[in-house]
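Structure first, then comments.
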Amino acid sequence: MSELHIIDHPMIQHKLTIMRMKKTGAKDFRELLTEISMLMGYELTRELPLSEIEIETPMMKMKSNVISGKKLAIVPILRAGLGMVDGLLSLLPVAKVGHIGLYRDHDTCKPVYYYCKLPFDIEQREVIVCDPMLATGGSASDAIRMLKEKKCSAIRLMCLVAAPEGVKKVREDHPDVDIYTASYDVGLDEQAYILPGLGDAGDRIFGTK
């Protein structure tokens, strides 16, 4: 069964609290999301394999570690997932970026697919799927399924806020995919929005509401 990792670093929790505030504007919301994404990225990459190489410092030759193994890809779920990309790229500047377009039908609360563009060698990479909100889990589960259809075998899901319903859905559908979140919230309201949550992340990122 996949693991749920709640990243409770004090700086992340502090910034998330400000993001939750109704009075926080789009500029600050975007900047905080970028900062939190970078900080969460440290935890996501904790287990990346290392290999030893020989280098020369100004003083002497030595053996030192570098990251080895599969290359990385960042795949945001459009549109809100875009808000997490810059933070991850600041930590992983050579990662390639793909995009999966899914939106939630407000009547059925089901994901609707409309776009997919991935690196040509996506199956050879470790993939970080990112979306700020894991609510019902439908969009995340569908995005992961699409990646698996492209022969991806090393996938992690990164979100800012998760509801129990979304975590349950992803773990049932994809027991091999670990979930990383900054908060495990109470649940969903009748419109399938996370409580206490932080509202519609896409609207708050882009100032569309």
Residue-span extension gain [V112 to D8] - 0.36 nm each, minus C-alpha spacing: 34.2 nm
So how far apart, in nm, are the two label points at D105 and S68 if each is 7 Å from Cα heading toward Cβ? 4.9 nm
Please express the Cα-Cα pair-distance distribution P(r) of the stretch 103-209 as a list of whole percents, one per 10 Å bin, running from 0 to the bin with the greatest distance. 14, 46, 32, 7, 0
Protection-proxy order for peptides 26-37, 110-121, each taking the mean of Cβ atoms within 10 Å per residue, highest first: 26-37, 110-121
Considering only DSSP beta bridges with both partners in the stretch 75-166, what is the antiparallel share in %, to the nearest 5? 40 percent
Which Rg and Dmax, in Å, describe the Cα atoms of the stretch 27-86? 16.7, 49
Using only Cα atoms and rounding to the nearest 10 degrees, what angle (0 to 90) does helix 138-149 make with the longest principal axis of the chain? 40 degrees
Report, to the nearest 10°, how far helix 164-173 tilts away from the longest principal axis of the Cα atoms in the chain, using its own Cα long axis and a range of 0 to 90°. 60 degrees
Counting pairs of alpha carbon atoms under 8 Å apart in space and at least six apart in sequence, what relative contact order in percent does the stretch 30-71 give? 32 percent
Given charges at Cβ of Lys, Arg, Asp, Glu: the stretch 1-142 dipole, positive-most of L82, S68, I122: L82
Below 8 Å between Cα atoms, with a sequence gap of 6+, how large is the relative contact order for the stretch 70-116 in percent? 37 percent
Tell me whether the stretch 35-140 comes out rounded, prolate or oblate; compute the Cα gyration tensor, take square roots of the eigenvalues as a ≥ b ≥ c, and use a/c under 1.5 as the rounded threshold. prolate
May I ask which of K71/K169; K63/K151; K27/K110; K61/K148; K15/K150 have a Cα-Cα span longer than 32 Å here? K63/K151; K61/K148; K15/K150
Would you work out if the stretch 54-93 is rounded, prolate or oblate? Take a ≥ b ≥ c from the square roots of the eigenvalues of the alpha-carbon gyration tensor; rounded if a/c is under 1.5, else prolate when a/b is larger than b/c, oblate otherwise. prolate
What ranking do 11-23, 47-59, 96-108 get when scored by the average of other Cβ atoms within 10 Å per residue, highest first? 96-108, 11-23, 47-59
Before anything else, pin down the relative contact order of the chain: Cα pairs under 8 Å, at least 6 apart, normalised by residue count, whole percent. 23 percent
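Computed from the coordinates by the stated procedures, all read-outs in this text should not be read as laboratory data. A quick note: this is a predicted structure, and the numbers were derived from the prediction, not measured. A quick note on method: Cβ atoms are made from the backbone with ideal geometry, for glycine too, and the neighbour counts reach across all protein chains shown.
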